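Everything on this sheet refers to the single structure shown next.
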Amino acid sequence: MAVVAFKDTQEQIPVGKILCIGQNYAAHAKEMQSDVSASPIFFMKPATAIIHQDEQIVLPSLSNNVHHEVELTVLIGTGGKNIPREHALKHVAGYGIGLDMTMRDVQAEAKKLGQPWTLAKGFDTSAPISEFLPAAAIGNPSTLSVQLHVNGTLRQSSKTSNLIFPVDVLIAYISQFITLERGDILYTGTPEGVARVTHGDQLTAALLNAAENTLVALHVSVQ
């Protein structure tokens, strides 16, 4: 069973559902030549997609174009259904950083045929994820920044204030349709700068505070 941990503690939480938000930064929607949706677009990954610090992303032979997507991750601590926006952040246990690895060519073919994205998004090792910081240590999740370096070069960087749908809106919206439970994880969307990874690449993702200090980081390699 996949688990996630809190930074600097021994506490581990079994992972439930992984709910991922698509096109939640306007600049990323533009680079993907997509319109901004009037409501959140979300899809799911299985918990078996998770890998942790210093583990390896395995590139599927099915794809020749696997992309990195760095994202703020949100760990649900208290579940609920039809959660009001004004109470949504009370349901959060912690915040971290993650990568939504995507077989872009497989996804593009699925879009063209009107098929689901599950294969493109949910393959084994497609959800690298960091430890989580307790929500109380973060406060307002809209004051953070996400970054990704590939082989030491900055590839993606943005502020969570640029999210089209912030964390509280996402929790309120999704919980109308899917009951949230302790251990569920939200991947909140990626900023612009997504690109192909290749064998041997070293990926370092970081979640930073308003002072640009790293709160939590994640390093994985590409096999």
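The values are calculated or read from the model by the stated rules, or taken from the named source; none is laboratory data. Treat the numbers as computed from the prediction; the structure is a model and nothing was measured. Cβ atoms come from the backbone with ideal geometry, glycine included; neighbour counts cover every protein chain shown.
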Can you name every residue in the stretch 28-72 that is within 15 Å of the chain's Cα centre (by Cα), crowded, with 19+ Cβ neighbours inside 10 Å and within 13 Å of ALA120 (Cβ to Cβ)?
LYS45, ALA49, HIS67, GLU69
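Mind telling me which of the residues THR78, THR48 ends up being at pLDDT 95 or above, assigned to a loop (DSSP other than H, G, I, E, B) and within 17 Å of LEU186 (Cα to Cα)?
Details: THR48 fails: assigned to a loop (DSSP other than H, G, I, E, B).
Just a single option satisfies the conditions, and that option is THR78.
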Hey, any hits in the stretch 118-134 for a residue that's touching a Gly at 6+ places or on another chain (Cβ under 7 Å) and more than 22 Å from SER157 (Cβ to Cβ)?
yes
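Residues checked against (1) touching a helix residue (DSSP H, G or I) at 6+ places or on another chain (Cβ under 6 Å); (2) over 14 Å from VAL74 (Cα atoms); (3) at pLDDT below 95:
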{"position": "VAL106", "(1), (2), (3)": "yes, yes, no"}
{"position": "PRO141", "(1), (2), (3)": "yes, no, no"}
{"position": "SER161", "(1), (2), (3)": "yes, yes, no"}
{"position": "THR179", "(1), (2), (3)": "no, yes, no"}
Go through the residues of the stretch 62-69 one by one and say whether even a single one is part of a strand (DSSP E or B), of a type in the set (Gly, Ala, Ser) and either over 15 Å from ILE185 (Cα atoms) or touching a residue at least 12 places away in the same chain (Cβ under 8 Å) (or both).
no
Would you check which residues across the stretch 81-98 are of a type in the set (A, V, I, L, M, F, W, C) and in a strand (DSSP E or B) and list them?
VAL92, ALA93, ILE97
How many residues of the stretch 99-130 are surrounded by 19 or more Cβ atoms within 10 Å (Cβ to Cβ), in a loop (DSSP other than H, G, I, E, B) and charged (D, E, K, R)? The answer is 1
Please name all residue pairs, on different chains or six or more residues apart, with Cβ atoms under 7 Å, provided the first residue is in the stretch 180-204 and is under 18 Å from ASP168 (Cβ atoms) and the second residue is among the charged types (D, E, K, R).
ASP184/LYS17; TYR187/GLU71; TYR187/ASP100; THR188/GLU71; GLY189/GLU71
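Within the stretch 136-191, track down each residue that is part of a strand (DSSP E or B) and small (Gly, Ala, Ser). Working first, answer last.
Of all residues in the stretch 136-191, those part of a strand (DSSP E or B) come to 145-150, 153-159, 163, 180, 185-187.
If the condition is that a residue be part of a strand (DSSP E or B) and small (Gly, Ala, Ser), then SER145, SER157, SER158 are the ones that fit.
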